[in-house]
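Okay, so here's the structure we're looking at.
Taken together, the values in this text are just the output of simple stated rules run on the coordinates, not laboratory data. Here the structure is a predicted model, which means the values were calculated and not measured. Cβ: placed from backbone, ideal geometry, glycine included. Neighbour counts: every protein chain shown.
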Amino acid sequence: MRRRKFLGYAGAVTAAGGLTLFAGWWRVDGPGAPAPSGARPLPLTKMEFKLTDHEGRTVGPETLIGKPTLAFFGFTFCPDVCPTTLSDISGWLDALGEDAERLNVVFITVDPERDTAEIMEDYVAYFHPAIRGWTGPENQIARAAEGFRATYEKVPAENGGYTMNHTASVFLFDAAGDFVSTIDYHEPREFAVPKIRRAMKEETKEAT
Amino acid sequence: MKQMLFSVVAGLTLSLATSAAHAGSDAVVVEDAWARASIGTSRPGAAYMEIRNTGDETVTVTGLVTDLAKMPEIHRTSTDDRGVSSMAPAGEVEIAPEATVALEPGGLHAMLMQLQRPMKEGESFSLTLLFSDGGEVRVEIPIRSISARGPED
């Protein structure tokens, strides 16, 4: 927890310092460019964590090697961003048609306290069938988030409960497990499907 | 003749009355309201709509009331440069004359905390917006699928 907080502060300082550079980068390369090197997720082959999918199977980064992957963090008690992201992804998968079967799509909870495997199973059932829900012990979720360079934080809510702040971007990896790009939350939807196709093309390149 | 004159006068009076009434919260029109279905009652729900101020004075939404949820509140989701999303109560929401405030996914939304019953697709519920001038606007909100992306898609 403390480490994450520290990472958060370090991130904030870096963000402030690099704001000018960042703005330039944003304008020059646009949101389609790879993330800045500091924030670039590790290749899946360099990540290490062990989670459980919504059907109770043990899963980890190695589960995702062999097919291109869409991965994102969220939680099922999230009323706005998460169902929106899940429905956006369901829409992209519908647009990909049968090609969607050539993808791994994983929704990793940042709220394992409430999101048990059973809860994840109930929740993902409302969205595209390709979407897998992953949960596990808090320390393993933390390791996963570190690998993806994602952040999350528990925030007390006024009604005595809590909510979670979290990275809402969708991460794209190729079939070899290398990071390709992110699809950011506010990005126009028409950019998403071409980006996914690009990640899938790298798979073909890899294969031939 | 007398009757016609009467109806003209009545019409004039009516139009004067309506133009006088179309100020403050009486000039608020709510459109495209929708909500997502919930799974049970343990998670908060969310509702979206466009709130248009057709009048010539600023109006302020001070709160929400519905029998569906014990704690309905307008919340704002914001996403920073690093892609981190957070959510917080938006407080009072001001709408300038002729302006529209959109409650839409990823921005402002009516957060429905402590649901009293599940939000079922195909049903609807009523939500009342409270304004600083004491006015109220009641909206009937259709509940769409949990994977809905907008008032219609």
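Counting Cβ atoms of other protein chains within 10 Å of each residue's Cβ and taking the mean over peptide A:163-173 gives 4.
Under 5 Å between amide hydrogens, built in the peptide plane, is the criterion, and for B:Ala99 it picks out B:Asn53 among residues at least 5 positions away or on other chains. Evaluated on region A:34-207, the Kirkwood hydrodynamic radius is 16.1 Å, with distances taken between all distinct Cα atoms.
About its Cα centre, region A:34-207 has a charge dipole of approximately 540 debye under the convention of +1 per Lys or Arg Cβ and -1 per Asp or Glu Cβ, with nothing else charged.
How would you classify region A:124-208 from its alpha-carbon gyration tensor, with a ≥ b ≥ c the square roots of the eigenvalues: rounded for a/c under 1.5, else prolate if a/b is greater than b/c, otherwise oblate?
Working: a/c = 2.17, a/b = 1.79, b/c = 1.21.
It comes out prolate by the Cα gyration axes.
Couplings 3J(HN,Hα) of region A:173-187, computed from phi: 10, 7, 5, 7, x, 7, 5, 9, 5, 10, 10, 7, 4, 9, 5 Hz, in residue order, whole Hz [Karplus 6.51 cos²θ - 1.76 cosθ + 1.60, θ = phi - 60°; x for Gly and Pro].
Length gained on full extension, B:Thr62 to B:Asp26: 11.5 nm, using 0.36 nm per residue less the C-alpha separation. Stretching the chain fully between B:Glu152 and B:Lys120 yields a gain of 9.9 nm (0.36 nm per residue, less the alpha carbon separation).
Pairs of lysine residues in region A:34-207 that meet both criteria, 8 or more places apart or on different chains and Cα atoms under 26 Å apart, total 10.
Please compute the average number of Cβ atoms from other chains found within 10 Å of each residue's Cβ in peptide B:73-82. Walk me through the numbers on the way to the answer.
Details: counts 2, 0, 4, 1, 7, 1, 8, 6, 9, 15.
Mean inter-chain Cβ contacts per residue within 10 Å come to 5.
Computed 3J(HN,Hα) for region B:99-107, one whole-Hz value per residue from the Karplus formula 6.51 cos²θ - 1.76 cosθ + 1.60 where θ = phi - 60°, is 9, 10, 9, 9, 9, 9, x, x, x, glycine and proline marked x.
Tell me, in nm to one decimal, what length is gained between B:Leu130 and B:Ser145 on full extension, where the rule is 0.36 nm per residue of separation less the Cα-Cα distance? Let's see the in-between values first.
Values: separation 15, 0.36 × 15 = 5.40 nm, distance 2.70 nm.
The B:Leu130-B:Ser145 span can extend by a further 2.7 nm.
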